[in-house]
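J.: Structure in structure tokens, see below.
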Amino acid sequence: SPMERTLVIVKPDAVQRGLIGEVTSRLERRGLKLVGLKFMSISQDLAHRHYGIHEGKPFFESLIRYITSAPVMAMVWEGPNAVAAVRQTMGATRPTEAAPGSLRHDFALEVGRNLTHASDTVENGVKEVELWFAPDELVSWARAVDPWVFEQ
Ligand code: IDP
Ligand code: MG
């Protein structure tokens, strides 16, 4: 399967609730490879650029307030089908529609406090990684276990 990269944001609610480890642990356990990581406060500009697609929607202003309300952990994860795999691990946008066992099912109740962001397409994964990380903040590395997780 094609190697992909996807942007994951541990949103302010998940950071406040001490769930950075839980999110990271689930992605590591899945076999995905971490290639970028930073703990940061988001500027209004970055928030608006990241969520530009939702501008004009009724929840846009509250979404910007939510994502800029406290620090986040931004991460880039790599692997075959990484985009779909990570979306599945997070679960559906609305926690009450998220599959049992997914992060949003297991830890969230409300769409406006749904813990994480993950890129929704391969194309958006590329764009979002570019928006959030400078090239020298990404680490390409050979992991000893790669051949036992990645078929190619
Ligand atoms: P996603 O995060 O699963 O990709 P999107 O539809 O892209 O979901 O929406 C981006 C974020 O905006 C969601 O994760 C959620 O935090 C927030 N959001 C989406 N829909 C609503 C809503 O109807 N009310 C409040 N917040 C929403
Ligand atoms: Mg989205």
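J.: So which of Ser25, Ser69 ends up being among the polar types (S, T, N, Q) and without any contact (Cβ under 8 Å) to a residue 12 or more places away in the chain?
T.: Ser25
J.: Look at Thr68 and say whether it is among the hydroxyl-bearing types (Ser, Thr, Tyr) and under 12 Å from the mean Cα position of the chain (by Cα).
T.: Numbers: among the hydroxyl-bearing types (Ser, Thr, Tyr): yes; under 12 Å from the mean Cα position of the chain (by Cα): no.
No, not satisfied.
J.: What number of residues within the stretch 68-103 satisfy the criterion of being within 15 Å of ligand 2 (Cβ to nearest atom) and of a type in the set (Asp, Glu)?
T.: Number satisfying all stated conditions: 1.
J.: Can you find, within the stretch 44-73, the residue that is most open to solvent (accessible area, probe 1.4 Å) among those that are within 12 Å of Leu131 (Cβ to Cβ) and more than 12 Å from ligand 1 (Cβ to nearest atom)?
T.: Arg49
J.: From the list Glu78, Glu61, which one is at pLDDT 95 or above and closer than 23 Å to Ser43 by Cβ? Break it down into steps so the answer makes sense when it comes.
T.: On the way: Glu78 fails: closer than 23 Å to Ser43 by Cβ.
Answer to the check: Glu61.
J.: A further question follows. Filter the stretch 14-43 down to residues that are under 26 Å from Met3 (Cβ atoms) and over 15 Å from the mean Cα position of the chain (by Cα) and give me whichever is least open to solvent (accessible area, probe 1.4 Å).
T.: Gly31
J.: Can you pull out the residues in the stretch 1-26 that are touching a helix residue (DSSP H, G or I) at 6+ places or on another chain (Cβ under 9 Å), outside any helix (DSSP H, G or I) and not aliphatic (A, V, I, L, M)?
T.: Pro2, Glu4, Arg5, Thr6, Lys11, Arg17
J.: Those residues that are within 16 Å of ligand 2 (Cβ to nearest atom), not aromatic (Phe, Trp, Tyr) and not in a helix (DSSP H, G or I), I need them from the stretch 27-57; list them, please.
T.: Within the stretch 27-57, Ile42, Glu55, Gly56, Lys57 qualify.
The values are calculated or read from the model by the stated rules, or taken from the named source; none is laboratory data. Predicted model only: the values in this text are computed from it and were never measured. Note that we place each Cβ from the backbone using ideal geometry, even for glycine, and neighbour counts take in every protein chain shown. What goes into the accessible areas is simple: the full protein's heavy atoms, side chains included, and nothing from ligands, DNA or RNA. Shrake-Rupley method; radii C 1.70, N 1.55, O 1.52, S 1.80 Å.
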